[in-house]
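Rule-based calculations on the coordinates, nothing more; no lab input. Everything numeric in this text was worked out from a predicted model, so none of it was measured. Cβ placement follows ideal geometry from the backbone for every residue including glycine, while neighbour counts extend to all protein chains displayed.
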């Protein structure tokens, strides 16, 4: 029991610490929350999917700018690995 309570405290602390690292403009404003709540699950899924693929394209463009001598296949593989191992 004591270990479970300690684990919960650590998880809460990690969440709080992570939350403190967020910039004020990274939090959703009330208007954004209202818009998201009005969306259907399918609309939210599509928005998340678009964001995911947009971020992959941005990451690939950044990696290409930092490594102009890399072939496109290497960039794609590196991006794939980064997103495969990503944690939220």
Checking rank on 56-62, 68-74, with mean other Cβ inside 10 Å and highest first, the result is 56-62, 68-74
Shape call for region 46-85 from the C-alpha gyration tensor, a ≥ b ≥ c root eigenvalues: rounded (a/c under 1.5), prolate (a/b greater than b/c) or oblate? prolate
What whole number of Å gives the distance from the Cα centroid of region 25-46 to the Cα centroid of region 69-85? 30 Å
